[in-house]
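The values are calculated or read from the model by the stated rules, or taken from the named source; none is laboratory data. All figures in this text were calculated on a predicted structure; none of them were measured in a lab. A quick note on method: Cβ atoms are made from the backbone with ideal geometry, for glycine too, and the neighbour counts reach across all protein chains shown.
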Amino acid sequence: MAYPVIKGARYLLVHVPNMLINNGTTQTVERKKNPDSSYLKNIYKHIRSFEDAVAYPPNQVYIGNISPDELAKMESPWYENLVHGSSRFGRLGEIVPEDEFYAWMKVSDAFELVFLEKGFTDELKLKLKGNELFSENDISKLGSGFEIYEIEKLVRENSAEPLNMGEKLVGCIKRAHDIDVNLSAGVILENTAAKASAAIVLRKLIKDLGIEAESIDYIIETSEESCGDMNQRGGGNFAKAIGEIGGCINATGCDIRGFCAGPAHGLINAAALVQSGIFKNVVVLGGGAVAKLGMNGKDHVAKGLPVLEDMLGGFAVLVSENDGKNPIIRTDLIGKHNVGSGSSPQAVMQAIVADPLEKGGLKIGDIDKYSVEMQIPEITVPAGAGDVPQANYKMIAALAVKKGELDRRDLLDFARKHGMPGFAPTQGHIPSGVPFIGFAREWLLEDRIKRAMIIGKGSLFLGRMTNLFDGVSFILEQNKGKGEEKKQPGKEQIKFIMAEAFRELADNLLQEAGNWNGK
Amino acid sequence: MDMGIQQRVMDLAEKYGNEDLIVVLGGAEAEASGLAAETVSKGDPTFAGPLAGVPLGLKAYHVFEEEIKNEVDPQVYDDQVSMMEMVLDVDAIINEVRTYREG
Amino acid sequence: MLSGKKVIIIGDRDGIPGPAIEECIKTAGAEIVFTATECFV
């Protein structure tokens, strides 16, 4: 059967410094435990402007304007070597500012829980007029806005979450239930942000690829949020809610979870749905995680850096039937970390990287580029987590050394050649393998690389249900064209095809006879 | 260090005392490993968790250190840990963690 | 040194995870009283 293909991938970043301060868990916990802490006083001095966030080299890579290879050559620290004059619009994605995002949240609100102030709403309408992703219908959905005293009252008396632009209150998000913590204002805010950011990137994917929203059969949402009420905390379903905003009237979908490995699991499932012929076009997507904003902010502030975790991430990938052109997903070479695989780093890497390669008769060096966990290193290094992608590349190289496929002296060289610097925000599922799919697709089409491996890894133990780690991988490969993949039909197959053709002919004749009879 | 983990360490130190209880770390990086060692010996220097201002006096070792490595079955160590010796900065991690046992 | 001791294991998702250290410590005759793994990402 023909392998499914990656038809395209699009990416989104949203610069949300106010949500970082108001809603990131590092900040909310600190506010509860240490309301007078110097961190909370000083964080304001470490907030980036939208222009600086756009000019930040890794963000430009994430939206496709700079390639990962170019980033590797750029001077660091990147936050001090901004690319001034950069555009918020990229070949593979876009960076959205916070005020516009509030409008997207309003449009994504199905239960009248998002309130935006009157004057602010007017400003947004002006700003978004002519925006290619934000329709006239969306503008009318913004309504005329609310009086500021109504919003202040909701925040003061009804536990609504404030929406700020700096000092100024411009809106709020109401709780959806008085007692149910799963419908609290904070949770509704997180979920609406995840939905809205995924909806933007879905619309962008549809528009940029020039496909009809109606052609999408199924959507798999792979973020780390959970929507439901007190009777079913993770009831779901973000996918369908996002599809609704994307205009995908012929789609349903579901949410797939696996911590940071969610997107890779989602893509494998999408590949299976397409290859089996169940669906033709499946979109795998994920929006941003508000809770993780400023997660390592204390270290950034203490070390004099800007608080770099001020971006929500998003991505959307379209998996479709083999078109003979776009890169294929090798569904016969899926890597997976099993319950019994063992949790040592080498056991994990063996299961995710080496096992599928061995099955396909490939060596570790036969993969031109590995996409691992692509966190921006200057976010994680000051926090003590090291350079995560670099460590992953060294692990893959070390595995090659252990297998005798590589000389130990060449370990760092291998890591450099088959890897790339991290360029994705620390948004959990967002950096995990998927950020490179857009570049991988292009590089495979241009014959710059032959194969790429996309790896997703997830810290399941954070959910306190198991101590196990998880990971899955798949290989993207150049498409050799439909012809080569199809084998010559055998005698039995020809018989079957002939029988099918005769049956169809007979059906048509019967139907026509029926029409003649006026039925 | 994660607050939940700090609480568990505190409870266990209370239960078993600091004579026969040791902490073995697997940190990826020198500074974070040192921070963990400091947290369980002198108290949480970031003043974020339950061990802020609580010097438990526990001795912490990184799994890379001779004191631990030499007592582990070499085959098991090879299967579980050795690959990471090629990946992480072993000397820097060991030097940093050791400081908090001497001080 | 480890024999007869009680051990708390604090692994790291991007370093050596808790359960991998646990496998090692088990062979040294120590009693493991708690295993955790930290995650910074």
Worksheet item: Of A:469, A:439, A:474, which residue is at pLDDT below 95 and surrounded by 11 or more Cβ atoms within 10 Å (Cβ to Cβ)?
Response: A:469
Worksheet item: What do you reckon, is residue A:109 of a type in the set (Asp, Glu), part of a loop (DSSP other than H, G, I, E, B) and without any contact (Cβ under 8 Å) to a residue 24 or more places away in the chain?
Response: no
Item to complete: Report, by residue number, each residue of region A:373-412 that is β-branched (Val, Ile, Thr) and within 11 Å of chain B (Cβ to nearest Cβ).
Response: A:380, A:381, A:388, A:396, A:401
Item to complete: For region A:354-372, state whether one or more residues are within 23 Å of residue A:468 (Cβ to Cβ), within 12 Å of another protein chain (Cβ to nearest Cβ), small (Gly, Ala, Ser) and buried (at least 22 other Cβ atoms within 10 Å of the Cβ).
Response: no
Worksheet, complete the sentence: Screening A:266, A:277, A:210, A:228 for residues that are of a type outside the set (A, V, I, L, M) and touching a strand residue (DSSP E or B) at 6+ places or on another chain (Cβ under 8 Å) leaves only A:266
Worksheet item: Scanning region A:457-481 for residues that are small (Gly, Ala, Ser) and closer than 20 Å to residue C:19 by Cα, which turns out farthest from the chain's Cα centre (by Cα)?
Response: A:463
Worksheet item: Pick from A:342, A:361, A:335, A:313: which is free of Cβ contacts under 8 Å to residues at least 24 places away in the same chain and within 21 Å of residue C:14 (Cβ to Cβ)?
Response: A:342
Practice prompt. Name the residue, out of A:169, A:163, that is crowded, with 24+ Cβ neighbours inside 10 Å and of a type in the set (A, V, I, L, M, F, W, C).
Written response: A:163
Worksheet item: Could we say that residue C:4 is in contact with a strand residue (DSSP E or B) (Cβ under 9 Å, 6 or more places away or on another chain), on the phi > 0 side of the Ramachandran plot, at the interface with chain B (Cβ under 8 Å from one of its Cβ atoms) and among the small types (Gly, Ala, Ser) here?
Response: yes
Worksheet item: So residue B:26 fits all but one of (1) at the interface with another protein chain (Cβ under 8 Å from one of its Cβ atoms); (2) touching a residue at least 12 places away in the same chain (Cβ under 8 Å); (3) farther than 15 Å from residue C:18 by Cα; what number is the exception?
Response: (3)
Item to complete: State yes or no: is residue A:433 within 14 Å of chain C (Cβ to nearest Cβ) and out of contact with any helix residue (DSSP H, G or I) (no Cβ under 6 Å at 6 or more places or on another chain)?
Response: no
Item to complete: Output the number of residues of region A:342-382 satisfying the condition of being assigned to a loop (DSSP other than H, G, I, E, B) and farther than 26 Å from residue A:292 by Cα.
Response: 8
Fill in: Filtered residue count, region A:144-158, keeping only those that are surrounded by 14 or more Cβ atoms within 10 Å (Cβ to Cβ) and either among the polar types (S, T, N, Q) or in contact with a helix residue (DSSP H, G or I) (Cβ under 8 Å, 6 or more places away or on another chain) (or both)
3
Worksheet item: Among helices (runs of 4 or more DSSP H) lying entirely in region B:30-103, which contain 1 or more residues that are of a type in the set (Ser, Thr, Tyr) and more than 12 Å from chain A (Cβ to nearest Cβ)?
Response: B:30-41, B:90-102
Worksheet item: Does region C:1-10 hold any residues that are modelled with pLDDT under 95 and either within 14 Å of residue B:69 (Cβ to Cβ) or crowded, with 23+ Cβ neighbours inside 10 Å (or both), and which are they?
Response: C:1, C:2
Fill in: So residue A:224, is it part of a loop (DSSP other than H, G, I, E, B) and under 17 Å from residue A:293 (Cβ atoms)
yes
